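Please read the structure below before turning to the comments.
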Amino acid sequence: MSTRDPGTPGAAKEVVDDGDGLPRLALDAGEIFRVLAENAPNVIYLCRNDERYRMLFINSPVADLTGYSPADFLADRISFVDLYHPEDARRIPCEVDQAIARRERFDLVYRLRHRKGDWRWVEESGVGVFDSGGRLQYLQGMLADVTERRQAEEKLLQSEASFRSLFDNVQETVYVQDGEGRFLTVNAGAERMYGYPRDWFAGKSPEVLSAPGHNDLDAVRRAHARALAGTPQSIEFWGQRADGSIFPKDVRLAAGTWFGRRVVFALARDITERKRADERLRLASSVFEHADEAIMVTNPGGVIIEVNRAFSRITGYRRSEVLGRDARLLRSDRHPRSFYESMQHELLDTGSWRGEIWGQRKHGEVFPAMQTISVVLDEHRQVRHYVSLFSDITALKEHEQRLEHRALHDPLTELPNRALLADRLQQAIRRARRHQGVVAVAYVDLDGFKEINDRHGHEVGDLFLVTLVERVRATLRECDTLARLGGDEFVLVLPELTRREQSGPVLDRLLQVIAQPLEVRSESLSVSASIGVTYYPQQDTSVEPDQLIRQADQAMYQAKQAGKNRYQAFDAEHERAMRGRYDSLNRIDQALANDEFVLHYQPKVNMQSGRWIGVEALLRWQHPERGLLLPESFLPMIEQHPLGIVVGQKVLAQAVAQAGKWSSEGQRMPVSVNISAAQLGQRGFADMLKRLLSDHPELDAPDLELEVTETSAFDDFERFSRVMATCCDMGVRFAVDDFGTGYSSLSYLKKLPASTLKIDRSFVRDLLDDPEDLAILDGILRLASSVRRRVVAEGVETIAQGRALLRLGCEFGQGFAIARPMPAGDLAQWMESWRPPSSWQQADALDRQHLPMLFALVEHRAWMAELCRCARAGNPTCAAPDLRAARFEQALDRLSASDALWSQVLGPARSRHAAMVEIAARLPNLIAADDQAGVHDVLARLEQASSELQSLLEVTV
């Protein structure tokens, strides 16, 4: 506390200064004050307003309050400042200063430390003493020891807090009511229960909380009066919350004392959930007794402890007959022990089980039931009860059986239908797998049944079928299945065979039985049967029942086409091929949609000059998995299928578009495209081609050549020739492909509007080794010359083949020796770089008189080939080499000896050939003696001599 200016003496007190610097009260007044102060029970003081509040006067009670004497305070050996509690020390000066500044009394409550160390609570009240000028001179006041009172107050507060805590935190809602029933106070539970604040309840009676129409308020008041008189009461009361909702509560009333007043304590509890539980219990009890399902409750050991009325109705047992007995009395012998073990495991694992079960009634009758069993656990998760609900489903089962029979049987003949047939056939297949047996599946179609229906009506037809079925079933084994698919089509399954041949007698007998006349309504009616049969097992072990039926169906049609009244076995190999073809057709169709087909182009050239005359568009399949596929791998599958025409149209359109593109780029490139007979013969082909050309005006029509095979061109000569002529009128050219493989006549060839003949590659391939192929080639070339047709040789694969063709007079060719088929983008580079071999450039056509030398050369090669073949085959009597040797001599004989070149060759050629014939004559004996070394030596000498002879002859050709 800072040092204070004493200020001006105030008028409130008169102070006298005797000159010693110490204030003195007037004598008379001082005496009076001293007497009063010494006898006062509280501390009275007068002090300076400085930091330590130094005492000018303090009476003796201060010793009791602090343990220090008045002299200690007056001598400033101790000060109240030294005794302040640390928590109060800063607050006290501030409050004093604030009161003095307002010229008001200050009232303080704080703690002082007694000299013994304990703390005392004091109340201090004081004022400032001012002089006449209004300046503060002193402080005077009084201190009272209130420690005991303070402790009593704290105990009281603690007691009230404990009561209030108990009052507010008790679970029940608590009301305190006066003698008239009005609320004095309520706890926090009342707020939660009703939604009103606590002070809202004060002075109100319970009637304001009553749900209208739900309570007898007079009875409530009487209960309150009895409770106030000392008899505890318990009532049920329906309350209404602040939000309007109503609820039931249980209220207990008892008398007591509340701050000296006799009151009624009311404890209330919301019993909504108990009411609901009671209702559920009543409902459950009603359901239990009136349920249509039987209900059975057992203990954990399976002993029955309760059943309902439906249980007695379904099982025949009265309640008294089953209580205390084992539930197994309801078991039938329809289920194995494992069934009940599985049920028990599922109950323990999942807590419930549901399924169909066969039970047994009191008198032994077995019945089907739909049963649900649930596990009831106690608070320790141990099984307390099993509750079983079941209903008798006998009527349902009988209805299901009728429906199942109707769903699985033909309504007319009562035979199995297609669905049951599939199941029976699957079972037969399984048995055949287990026992390595055979199953026969026969598809039966009645020949002539339609005529019976048409002539006599469907009613007679139905009677005929029913009678026929009865006759047929009488001939079958019990394990056989005869099914009706509909109309006059049936399927017979013959299981448990050991060999396929065992089905033959059964099918023969079936044909005989079906063919026997039947009398229906005095009419003698008869039919026959066409039967197709297939068998299991097959090479394809995954064959399914429906596949077997389809196979038998296919075989049945073959039997019908073969003349009816017979049976035909299914050809599995043929079916697999057809299925493979079907899959391939689907894949080709997909390839069309995915644009997987591409065109490569193979040049056609003048083999001597190197001038190219066009390209042939060749189809390729850019397969995403198998790579680039040649036509041989897929075209044969679509030759007789509509897809073949679709693919052909696509090839033609692409080729025309590419040729038009080349033409628009300034590069004229005639293109030839293969056309199938089906494509050429389709309706509107010429119109389609005209539209295609009109879509590409940049392409000159003569630059498009259509290649048709010789066979297709002459299959329907008149029709095809008309179509070709129409196309030729547009300017399109035609070529006959694979020429020489068909049966063209000269007259047809002259009439056919084709400008080019393409020699089949099979003749070109062997022209240097096969005299017959050489002769055919020579004939084709002479024929083409006579009808003024250009000839192009296909399949030129070696330089020697190309030179021989040129010597025969064939200038034009295509093949690997020239170029392999290539994408359109590679053609320009090939055209710039390709040149014919020098041997081709120097190979002029031979004169007709010189051709025998070429034939002689080929005959010699054929003779050598036959010798080697016979020797390796170990055949000493093979006559073919002798025939070939004679033909070689005949070829030489046709040459003119007058020619200087031939005269130099003929003599040496004859002598060398004669020497070889002499060597070859040793082979039969060596072969017969199995002298392999000798044979090998002779062949080696012959091959050396043959090489020398061929070199001599090749000079002339």
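Things to note:
- With kT/(6 pi eta Rh) evaluated at 4 °C and eta = 1.567 mPa s, and Rh the Kirkwood radius from Cα pairs, segment 439-479 diffuses with a coefficient of 110 µm²/s according to Stokes-Einstein.
- Global form of segment 195-261, assessed from the alpha-carbon gyration tensor, a/c cut-off 1.5: oblate
- For segment 583-834, the orientation-averaged shadow of the C-alpha convex hull comes to 13.8 nm² (one quarter of the hull surface).
- Alpha-carbon radius of gyration plus Dmax, which is the widest Cα pair, for segment 743-892 in Å: 18.1, 58
- ARG820-SER234 pseudo-label distance in nm [points 7 Å out on the Cα-to-Cβ vector]: 10.7
- Using a probe radius of 1.4 angstrom, the carbon and sulfur fraction of the accessible surface of segment 404-489 is 48%.
- Our analysis of segment 43-155 gives Rg over Rh at 0.96, with the two radii drawn from alpha carbon positions and Rh computed by the Kirkwood formula.
- Dipole moment magnitude, nearest 20 debye, segment 43-155 about Cα centre, only Lys, Arg, Asp, Glu C-beta charged: 120
- Relative to the Cα centre, the charge distribution of segment 317-405, modelled as +1 at Lys and Arg Cβ and -1 at Asp and Glu Cβ, gives a dipole magnitude of about 340 debye.
- When the solvent-accessible area of segment 161-275 is split by element, carbon and sulfur atoms take up 52 percent of it, the probe being 1.4 Å.
- Carbon/sulfur fraction of accessible area - segment 583-834, other protein chains in place, 1.4 Å, %: 49
- Packing rank of 539-546, 310-317, where each peptide gets the mean count of other beta carbons within 10 Å, highest leading: 310-317, 539-546
- Mean separation of Cα contacts under 8 Å, 6 or more apart, over the residue count of segment 756-876: relative contact order %: 27
- Identified option (computed Cα extents along the principal axes in Å; candidates (1) 109, 87, 64; (2) 107, 71, 62; (3) 197, 101, 69): (3)
- Highest to lowest packing among 691-704, 443-456, scored as the average C-beta count within 10 Å: 443-456, 691-704
- Within straight-line cross-link reach of LYS249, lysines at Cα separation under 16 Å, skipping those fewer than 8 residues along the same chain: LYS275
- Summed residue charge, Cβ within 10 Å of VAL673's Cβ, Lys/Arg positive, Asp/Glu negative: -3
- Annotation: amide H-H contacts under 5 Å for HIS641 (H modelled 1.01 Å from N, sequence separation of 5 or more, or interchain): none.
- With the biggest extent put first, the Cα atoms of segment 161-275 measure 36, 31, 26 Å across the principal axes.
- Look at the alpha carbon pairs under 8 Å that are at least 6 residues apart: their mean separation over the length of segment 321-366 gives a relative contact order of 46 percent.
- For SER332, distant residues with modelled amide H under 5 Å away: GLN360
- For the peptides 228-237, 862-871, residues were scored by their other Cβ atoms within 10 Å and the scores averaged per peptide; the highest-first order is 862-871, 228-237.
- When the alpha carbon coordinates of segment 298-439 are projected onto the principal axes, the ranges are 60, 33, 23 Å, largest first.
- Spatial offset of segment 443-500 relative to segment 563-636 amounts to 44 Å, using the alpha carbon center of each.
- Using C-alpha pairs under 8 Å with a sequence gap of at least 6, the mean separation divided by the residue count of the chain gives a relative contact order of 4 percent.
- Averaging Cα coordinates gives a centre for segment 36-111 and one for segment 922-938; these two points are 156 Å apart.
- Per residue, the chain reaches -14000 deg cm²/dmol at 222 nm when only DSSP H runs of four or more residues are counted, each adding -39500 (n - 2.57).
- Tail beyond 18 Å, pair distance distribution of segment 419-560 (Cα, percent): 55
- Each of LEU65, VAL469, ALA843 was placed along the dipole of the chain (beta-carbon charges, centred on the mean Cα), and the one lying farthest toward the positive end is VAL469.
- The chymotrypsin sites (Phe, Trp or Tyr not before Pro) of segment 754-859 that DSSP puts in a loop, and whose beta carbon has at most 13 other beta carbons within 10 Å, are PHE816, TRP834.
- Relative to its residue count, segment 238-310 spans a Cα convex hull of 185 Å³ per residue.
- Pairwise centroid distance, computed over Cα atoms, of segment 241-319 with segment 324-374, Å: 32
- A 1.4 Å probe run over the chain, with the rest of the protein chains in place, finds 53 Å² accessible per residue.
- Kirkwood-type hydrodynamic radius, segment 304-362: 12.8 Å, calculated from all non-identical alpha-carbon pairs.
The values are calculated or read from the model by the stated rules, or taken from the named source; none is laboratory data. Small disclaimer: the values here were computed from a predicted structure and weren't measured. Methodologically, a virtual Cβ is constructed for each residue, glycine included, from the backbone with ideal geometry; neighbour enumeration extends over all protein chains shown. Note: areas computed on protein heavy atoms with side chains; ligands, DNA, RNA excluded. Shrake-Rupley method; radii C 1.70, N 1.55, O 1.52, S 1.80 Å.
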